[in-house]
1. How far, in nm to one decimal, is B:Glu13 from itself in the other copies if the label point is set 7 angstrom along Cα toward Cβ? Shortest first, please.
2. If I take the Cα coordinates of segment B:244-315 and project them onto the principal axes, what are the three extents in Å, biggest first?
3. Need one number for segment B:156-312: average projected area of the convex hull over its C-alpha atoms, nm².
4. What total accessible area, in Å², is buried where chains A and B meet, using a 1.4 Å probe and rounding to the nearest 100?
5. Could you report the protein assembly as shown's accessible area per residue, 1.4 Å probe, as an integer in Å²?
6. Looking at the protein assembly as shown, send over the antiparallel percent of its DSSP beta bridges, to the nearest 5.
7. Please list the radius of gyration and Dmax for segment B:1-92, considering alpha-carbon atoms only, with Å as the unit.
8. Which residue fluctuates most in the GNM of chain B (Cα springs below 10 Å): B:Lys17, B:Lys324, B:Lys204?
Number of protein chains: 2
Amino acid sequence: MDIQQLVQNLKQESDSKIVMLVADGLGGLPLEPGGKTELETASTPNLDALAKKGISGCQIPIKPGITPGSGPGHLGLFGYDPLQHMIGRGVLEATGIEFEVGPNDVAIRCNFCSIDSDGNITDRRAERIPTEESAPLAEMLNQVSIPDVEVFVKPVKEHRFVVVFRGKGLGGNVADTDPQKTGVPPLEPMALSDDSQRTVEVAKQFYEQAVKLLAGQPKANCLTMRGFSEKPNIPTYKEVYGVRAAAIAVYPMYKGLAQLVGMEVVGNAGSLSEEIDVLEEVWDDYDFFFVHFKYTDSRGEDGDFDAKVKMVEEFDSIIPRVMKLDPTVLVVTADHSTPAKLASHSWHPVPTLMVSDNCRTDACETFSETECLKGGLGHFESIYLMPLALANADRLGKYGA
Amino acid sequence: MDIQQLVQNLKQESDSKIVMLVADGLGGLPLEPGGKTELETASTPNLDALAKKGISGCQIPIKPGITPGSGPGHLGLFGYDPLQHMIGRGVLEATGIEFEVGPNDVAIRCNFCSIDSDGNITDRRAERIPTEESAPLAEMLNQVSIPDVEVFVKPVKEHRFVVVFRGKGLGGNVADTDPQKTGVPPLEPMALSDDSQRTVEVAKQFYEQAVKLLAGQPKANCLTMRGFSEKPNIPTYKEVYGVRAAAIAVYPMYKGLAQLVGMEVVGNAGSLSEEIDVLEEVWDDYDFFFVHFKYTDSRGEDGDFDAKVKMVEEFDSIIPRVMKLDPTVLVVTADHSTPAKLASHSWHPVPTLMVSDNCRTDACETFSETECLKGGLGHFESIYLMPLALANADRLGKYGA
């Protein structure tokens with residue numbers, strides 16, 4: 001029995017409310033030895049007050065030393081073992097452009113490529129064709145028609161686009177057709193298990209028709225297909241935790257990740273302040289609220305320390321509005337660290353705090369990477385965050401007599 | 001290989017002695033924000049001296065956020081994965097009245113109930129019949145006679161009693177017969193796996209004879225059967241750790257839990273002080289001593305903060321007598337927290353300390369929830385307590401060359 005199954009067995013009703021604020025990529029690093037991290041540099045009076053009142057700790061997104069992508073990072077926060085539940089590349093790409101992948105779908109990340117008259121690839125990315133040229137070509141591929149299968153083709157960016165096949169009996173276990181080199185033609189699609197044989201036939205038909213439609217294009221006259229995948233078979237928040245869960249995010253990827261675990265995406269916020277407007281509006285209708293703030297991660301990815309500090313301060317400024325709603329449990333955390341120094345996601349533990357009436361406060365005086373080392377939550381893997389939040393919200397019964 | 005198997009492989013002989021003092025429900029919560037817990041409020045000069053000398057930490061009974069019952073809580077302390085080894089409800093109930101469940105037994109928690117002339121239940125608890133009325137009825141049911149099966153019926157309290165069937169080929173996988181509502185008859189017993197088919201036949205025979213014996217009773221004229229279970233197949237302390245283990249407890253439940261893992265229950269103490277008398281008496285005869293103190297939990301369950309503080313102080317007062325015996329390793333811990341504020345078991349980590357010559361002392365100055373956060377044992381799951389104690393007692397060899 002894993003921790004999530006255990007929690008599912010122990011879940012109980014309550015009228016409590018849990019808010020999980022995720023400041024994407026929050027954890028950081030000092031630029032110089034002996035310096036402060038972005039979070040430690042920022043002025044965060046509201047988060048510091050919560051740290052004094054609540055319990056802090058160092059959250060390990062996957063396992064020590066492992067740097068997570070956004071998918072596994074969020075799955076862990078949501079309490080799903082990210083090593084057990086994989087989100088396929090195709091599904092993640094589709095999710096990222098707000099395409100809701102359904103149970104009969106296979107999603108595929110496609111690349112436009114260039115081939116010569118012999119059919120051999122000359123450029124695997126179609127000379128990095130600009131989006132304004134590639135998007136109409138992707139849209140055009142919606143003309144492909146395959147019996148008993150719905151085909152959706154959606155542009156992404158430059159040479160990248162998404163194809164979704166919708167129909168009965170389609171498995172997602174198909175090898176990539178990208179040969180990873182030039183001078184050879186794209187590979188034939190090949191089933192990696194019997195349940196995906198039909199997908200291969202559909203993919204071949206799609207490819208044949210698509211290549212005809214693209215014939216004569218100067219750059220994008222062919223395509224490769226990668227990351228075939230189905231919607232992961234994940235139990236929903238309602239099933240596992242018994243909560244009505246709302247997701248509030250600006251970026252499609254995070255809305256999509258929340259949808260994969262059965263959260264309802266609410267509102268159409270374009271900024272953090274608008275996200276809190278939505279939180280206030282839907283407060284009575286849900287038990288659990290996932291609120292995602294993107295820009296701490298974005299500025300970290302940019303390698304812009306000072307800009308990330310400002311984003312942390314913007315994040316801090318909305319805390320009083322959230323606390324005014326009087327959540328039973330407030331969690332502040334992130335899906336991973338994104339130190340500006342590294343300009344990328346990293347493996348470092350994520351500063352995390354929880355506030356509730358019965359959280360057993362620790363001696364932490366501020367919210368920071370350093371202070372969290374003294375925290376009452378200790379070092380813990382992200383999958384324990386949901387059980388802890390549910391316990392604090394009186395939503396878990398006793399295990400055994 | 002799990003940790004217990006590893007320990008079993010590495011166990012080695014020694015003449016060291018380990019004492020595990022369990023102050024049930026020891027961990028607590030402050031009543032007010034910024035206040036102190038029960039343990040922090042109590043005057044505990046002896047425990048504080050041990051904290052200074054030893055190594056402390058926060059013990060997580062099952063997994064973060066999970067509140068354990070007494071059964072899983074103690075299994076964890078004893079080093080048995082409480083998610084792997086389940087103690088059935090019937091076995092736990094039998095254990096709680098000092099009935100030693102054997103390998104050919106199926107134990108069942110039964111309720112007296114009231115039925116009308118149509119056989120439909122009118123009260124699932126026989127109008128909460130007082131024990132002085134129900135106990136003789138339960139004893140009377142020992143008249144039931146089933147070929148090739150020994151039947152034991154033992155009163156518990158009010159409408160509750162225990163039935164144990166002893167015989168070959170009895171499985172414990174049978175559904176409850178309590179329909180969980182009135183106006184309908186009890187359910188027929190039903191096997192949930194093939195190995196329990198014979199148990200169903202025995203249960204039917206028991207039920208038929210019992211209902212005849214109860215006919216005409218004003219309240220308790222019928223019964224329901226729940227929590228069918230067998231003795232869990234748990235390796236003994238001797239097998240796993242190679243120690244001769246003694247259990248010293250006042251309450252039957254804890255004696256029973258210790259018996260399930262092969263400890264020998266010694267003495268017949270009625271108080272903590274008498275428990276230590278027993279400890280002194282049997283000191284030369286065993287290698288490991290589990291000493292259980294109940295009242296820290298009881299007063300926590302009562303929601304009586306001050307009374308729990310007094311119990312902690314009583315617990316502290318016996319420490320010098322234990323230390324006079326000069327144990328190689330002393331462990332002070334609990335099966336779970338029972339904060340008076342919640343008047344129930346809780347998920348909070350349990351303050352734990354270990355004293356031995358080679359424990360690598362930390363900077364903890366007192367024994368408390370807050371101080372344990374600085375402890376050298378860090379946050380750790382209860383199943384690691386036994387390996388740590390054995391290592392400190394020079395009872396574990398090296399893993400690998």
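The values are calculated or read from the model by the stated rules, or taken from the named source; none is laboratory data. Here the structure is a predicted model, which is why all the values come from computation and not from measurement. We place every Cβ from the backbone using ideal geometry, glycine too, and count neighbours over all the protein chains shown. Please note that ligands, DNA and RNA were not included when accessible areas were found on the heavy atoms of the full protein model with its side chains. Shrake-Rupley method; radii C 1.70, N 1.55, O 1.52, S 1.80 Å.
1. Nearest first, the other copies' label points are 6.2 nm away.
2. 38, 24, 17
3. For segment B:156-312, the mean projected area of the Cα convex hull comes to 13.7 nm².
4. 2200
5. Averaged over the residues of the protein assembly as shown, the accessible area is 40 Å².
6. Of those bridges, close to 60 percent are antiparallel.
7. Answer for segment B:1-92, Rg first and Dmax second: 16.8, 49 Å.
8. Looking only at B:Lys17, B:Lys324, B:Lys204, the biggest GNM fluctuation is shown by B:Lys324.
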